[in-house]
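Written out below as structure tokens is the structure these notes cover.
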Amino acid sequence: MAYSVKVLDHYENPRNVGSFGNEEEGVATGMVGAPACGDVMKLQIKVGKGGVIEDAKFKTYGCGSAIASSSLVTEWVKGKTVEQALDIKNTQIAEELALPPVKIHCSILAEDAIKAAVADYKKKHAEQAVP
Amino acid sequence: MFAPVYFDHNATTPADPAVVDAMLPYLSLQCGNASSRHEYGRAARRAIDEARSKVAAALGAHASEVVFTSGGSEANNLLLKGAAGCLKPGLLAVSAIEHPCVLRPAEQLRKRGWTLHKLTVDADGRVDAANFQAVMAAQPRIVSVMLANNETGVIQDVEALAALARAAGACFHTDAVQAVGKIAVDFRRLNAAGVQALSLSAHKIGGPKGAAALVLDKRLDIEPLIAGGGHERGLRSGTENVAAIVGFGVACELAVARLATTAARLLALRGRLERGLQGLGATLFGQAVERLPNTVYFAFPELDGETLVGQLDRAGYAVASGAACSSANPEPSHVLQAMGVAPELARAAVRISLGGSNTVDEVDAFLATLQATVRRLQQLTAMAV
Amino acid sequence: MLKLPIYLDYSATTPVDPRVADKMIPYLVEKFGNPASRSHAFGWETETAVEEARAEVAKLVNADPKEIVWTSGATESNNLALKGAANFYAGKGKHLVTVKTEHKAVLDTCRELERLGFEVTYLDVKEDGLLDLEVFKAALRPDTIVVSVMLVNNEIGVIQPIAEIGEICRAKGIVLHVDAAQATGKVAIDLTALKVDLMSFSAHKTYGPKGVGALYVRRKPRIRLAAQMHGGGHERGFRSGTLATHQIVGMGEAFRLARLEMGAENERVRMLRDRLLKGLSDIEHVYVNGDMEQRVPHNLNISFAYVEGESLLMAIKDLAVSSGSACTSASLEPSYVLRALGREDELAHSSIRFTLGRFTTEEEVDYAIRLLHDKIGRLRELSPLWEMVQEGVDLSTVQWAAH
Ligand SMILES: Cc1ncc(COP(=O)(O)O)c(C=O)c1O
Ligand SMILES: Cc1ncc(COP(=O)(O)O)c(C=O)c1O
């Protein structure tokens, strides 16, 4: 399997690996995938005032492309509002990392992880918003 | 003791030094299994891919049309049984002078419900046109005619035969094991004329034994002969013989690069040899038609071929009697019989097949030895009578 | 200095031993004759070499040279054995029995036979990879004509109870084929004692060249086969085609060396393998696949839990190892052999097959141990599954958002 330079870079030096405490202020978690399918991604975002994502962390069980996709996404979502984060599309991820066709599902999973994290944020936020 | 002279290049050839050099790294500690994903495996895979491209380029084929096998015999078996497996049993036509590795599989297919027709040849060993057309009218499903015969060296007009066969709805294969490296063989051109598959073998062209190929038009469906792992696009399973395949690639490349000069040299040598033989009173087979530049097939009536060949071996000349590719077979050559040669004369047949290393001196010395040997044997025969 | 990547994939293929290569090369150049050429010394010389090699192959497995048929490899041997016997004995019945953990060369051939109207039973193995003899006996039927069970498994290295299986088959008059591609030079094989009728060999798993193998075909009692490759009638009609002398000579020499050296070599390799196992066993959640007793000395197949296979292979690219079945894998599917052991995907593990060999050194093993410690640790740091397990979550209770 030939990996692109960018995949290798993210794989060798993954950005923002780790976890936030789930109870931390503004933290939301998206967990997608299944072990049986060979990949599980956990993306966490830390959302500040005005719905801006201040920080992001990930952990991924999966191939090099899955690790790279999730690492890349943590960089991309930072500084974006949660709504803007939802605009990140798997095609952009795949293009940036030059993923081969057999690895496109990794970028789809990364997009799903963003959606799941944002959904979790909205759920928690909605709960808090109700007086 | 002087080194014996090798005049049996249609049986097999020595590997070219450049071929051996190319193979050595793959007979060392470095070589992986081409199916492995690590660097050792990938290096083996790259070597195979490169060889595949070389074989394809030598034949004007596309790399994806080359299926590697363990030998020419396997390539012929694969094509015949493989194509038959994808078709409804019907009529199968192969020439009567094919190599046993075409004839025997064709006969086997009878067990699977096929009808076999052996196409007749004329006195020169060329496929008989009238018979061929008559058989085509019966709409065979598979037709196989060799490009050049291993015993006589006679070349068939395969393009014309393929066109007729295709027009009749048959698929067409040619065994080019003896032709490659001796005459120009262009798969694209043959394919355009209707040839859908072609067999060649490394050890006949200065490559190693153990590698060969079936060049296959991908529109022709065949099923594999050897299952288990799905190598070679599922058409031939088994761990690839990396070293031999690499050697095969280089041999093909060299054979094409040297074709023009080699053929001219061989033709000159063959002319010299034939003139000498005629001077000694030998009968030459297939002489009236186009033949491989390296092959001479002759007989001294009344002299047993085996005996003559044995005497020549003792005198330091390696030549063949009848078909040398197959195991000991006391029957007179099926090729000569198909040409209508009387069994007694066929039993006298001797084949000389020249190669790149043979020289004028060798030919001249051989003729002198032959003359003495033939005289002696003729005297013995005369006394015995 | 270590040469990287370190080759630990001796079951995929072995390097050609330099002593073997030295023997082979003259047969490419000076001694190039066609062994089927009966009319001159070039042919006789190579025919003699072919027969000497045949005797060497026979000697390693205590067979008669006349019982050895040359082929292009164990894949072809397996095809010839199974299709050849099934077709020849089809009049007696149409049922075959084999095992789910066999090599593709057996399984794919059985699939082909099924398409041709034969019926095949694929037996499960126990959790340790070994065949349960009671299960085996129960699968035999009056119309069973052929059984195929491998001697040594290529992925997990376990040794099947062939002696017992042979007794059972012989008593019932069933032809027993054994794929011994992975066994030569690793376990002693005595075909005068074993009641095996057909046995497949490959040179390139035992320090010989690729592209040559052999099939043992028993003469007493005589086993018959329908040939699969027809032509000049080589190999007494069992297998036509020009014999690749240099390769055959290589196989003969490789098997001769195996016979002379296997005792000492297996002890050395077993020590290295045990060193590797010991070095890895202090990593948490590692599992050995396959029985450790009934096993060849050079194989170690380990599952590392909560680490994904492809990323692990990427992380340890300085080790040339294999995961899944090396003989075909282009994609990284979970190995059917491990699945047959009941090692399910749910464990979310990746398995690595380490196979050591003649040229493996202690230094290489130690390097591998250090590298694995480091990389497994790193990948687990990255793994959400590992995190959950550390937090005490039972993964089997998690509802995964499968996609
Ligand atoms: C015309 C022809 N076809 C096929 C073969 C078989 O090829 P191989 O020796 O590679 O099996 C030979 C020679 O043996 C041959 O002369
Ligand atoms: C158990 C087993 N049988 C058969 C084979 C196929 O042998 P070959 O590579 O010689 O075709 C292999 C390896 O590839 C194997 O491990």
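Structural remarks
- Sole exception among (1) modelled with pLDDT of 95 or more; (2) in contact with a strand residue (DSSP E or B) (Cβ under 8 Å, 6 or more places away or on another chain); (3) over 30 Å from residue C:14 (Cβ atoms) for residue B:248, by number: (3)
Per-residue answers, yes or no, for (1) within 23 Å of residue C:43 (Cβ to Cβ); (2) among the basic types (Lys, Arg); (3) open to solvent by 70 Å² or more (accessible area, probe 1.4 Å):
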residue	(1), (2), (3)
C:245	yes, no, no
C:252	yes, no, no
C:255	no, no, no
C:260	no, no, yes
C:264	no, no, yes
C:269	no, no, no
C:277	no, no, no
C:280	no, no, no
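- Given (1) within 16 Å of ligand 1 (Cβ to nearest atom); (2) touching a helix residue (DSSP H, G or I) at 6+ places or on another chain (Cβ under 7 Å); (3) open to solvent by 10 Å² or more (accessible area, probe 1.4 Å), index of the condition residue C:225 fails: (1)
- In this structure, residue B:235 does not qualify as over 18 Å from the mean Cα position of the chain (by Cα) and either farther than 30 Å from residue B:41 by Cβ or away from chain C (no Cβ under 14 Å) (or both).
- The set of residues from segment C:7-49 being more than 29 Å from residue C:360 (Cα to Cα) and more than 11 Å from chain B (Cβ to nearest Cβ) comprises C:48, C:49.
- Taken over segment C:99-121, the residue count meeting the criterion of being more than 16 Å from ligand 2 (Cβ to nearest atom) and under 18 Å from residue C:169 (Cα atoms) is 3.
- Applying the condition of being open to solvent by 20 Å² or more (accessible area, probe 1.4 Å) and part of a helix (DSSP H, G or I) to segment B:233-245 and asking which residue is nearest to ligand 2 (Cβ to nearest atom) yields B:234.
- Set side by side, the residues B:333, B:357, B:353 differ, and just one is in the same structural domain as residue B:275 (by TED's automatic domain parsing), of a type in the set (Ser, Thr, Tyr) and surrounded by fewer than 21 Cβ atoms within 10 Å (Cβ to Cβ), which is B:357.
- Within segment A:74-95, tally of residues that are crowded, with 19+ Cβ neighbours inside 10 Å, closer than 30 Å to residue A:49 by Cβ and more than 13 Å from the chain's Cα centre (by Cα): 0
- Of the criteria (1) within 10 Å of chain C (Cβ to nearest Cβ); (2) surrounded by fewer than 17 Cβ atoms within 10 Å (Cβ to Cβ); (3) modelled with pLDDT of 95 or more, which one residue A:37 fails: (3)
- Between C:109, C:101, C:75, C:13, the distinction of being under 21 Å from residue B:248 (Cβ atoms), of a type in the set (S, T, N, Q), open to solvent by less than 10 Å² (accessible area, probe 1.4 Å) and touching a residue at least 24 places away in the same chain (Cβ under 8 Å) belongs to C:13 only.
Results for (1) closer than 27 Å to residue B:242 by Cβ; (2) aliphatic (A, V, I, L, M), shown as yes or no for each residue.
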| site | (1), (2) |
| --- | --- |
| C:118 | no, no |
| C:121 | no, no |
| C:125 | no, yes |
| C:130 | no, yes |
| C:138 | no, yes |
| C:163 | no, yes |
| C:169 | no, no |
| C:175 | no, yes |
| C:179 | yes, no |
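- Residue in segment C:55-72 that is closer than 23 Å to residue B:72 by Cβ and either acidic (Asp, Glu) or in a helix (DSSP H, G or I) (or both) present: no
- Restricting segment C:137-196 to residues that are acidic (Asp, Glu) and more than 28 Å from residue C:268 (Cβ to Cβ), the residue that is nearest to ligand 1 (Cβ to nearest atom) is C:143.
- Cβ-Cβ under 8 Å pairs, at least 6 apart or on other chains, segment B:11-33 side within 7 Å of chain C (Cβ to nearest Cβ) and assigned to a helix (DSSP H, G or I), far side of a type in the set (Val, Ile, Thr) and open to solvent by 10 Å² or more (accessible area, probe 1.4 Å): B:20/C:25; B:20/C:29; B:27/C:25
- Checking each residue in segment C:103-124 for being more than 10 Å from chain B (Cβ to nearest Cβ) and in contact with a strand residue (DSSP E or B) (Cβ under 7 Å, 6 or more places away or on another chain) picks out C:114, C:118, C:119, C:120, C:121, C:122, C:123.
- Inter-residue pairs, beta-carbon under 6 Å, first at positive phi and open to solvent by less than 40 Å² (accessible area, probe 1.4 Å) and in segment C:285-305, second not in a loop (DSSP other than H, G, I, E, B) and not polar (S, T, N, Q), 6+ apart: C:290/C:158
- Close pairs from segment B:67-80: first within 9 Å of another protein chain (Cβ to nearest Cβ) and assigned to a loop (DSSP other than H, G, I, E, B), partner of a type in the set (Val, Ile, Thr) and open to solvent by 10 Å² or more (accessible area, probe 1.4 Å), Cβ under 6 Å, at least 6 apart: B:71/C:242
- Residue within segment C:184-202 that is on the phi > 0 side of the Ramachandran plot and within 14 Å of another protein chain (Cβ to nearest Cβ) present: no
- Selection within segment C:7-51 - closer than 16 Å to residue C:209 by Cβ, assigned to a helix (DSSP H, G or I) and under 29 Å from the mean Cα position of the chain (by Cα): C:18, C:19, C:20, C:21, C:22, C:23, C:24, C:25, C:27, C:49, C:50
The values are calculated or read from the model by the stated rules, or taken from the named source; none is laboratory data. What you see is a predicted model; the values in this text were computed from it and never measured. Virtual Cβ from ideal backbone geometry, glycine too; neighbours counted across all protein chains shown. Side chains are part of the model used for accessible areas, which takes the heavy atoms of the whole protein and leaves out ligands, DNA and RNA. Shrake-Rupley method; radii C 1.70, N 1.55, O 1.52, S 1.80 Å.
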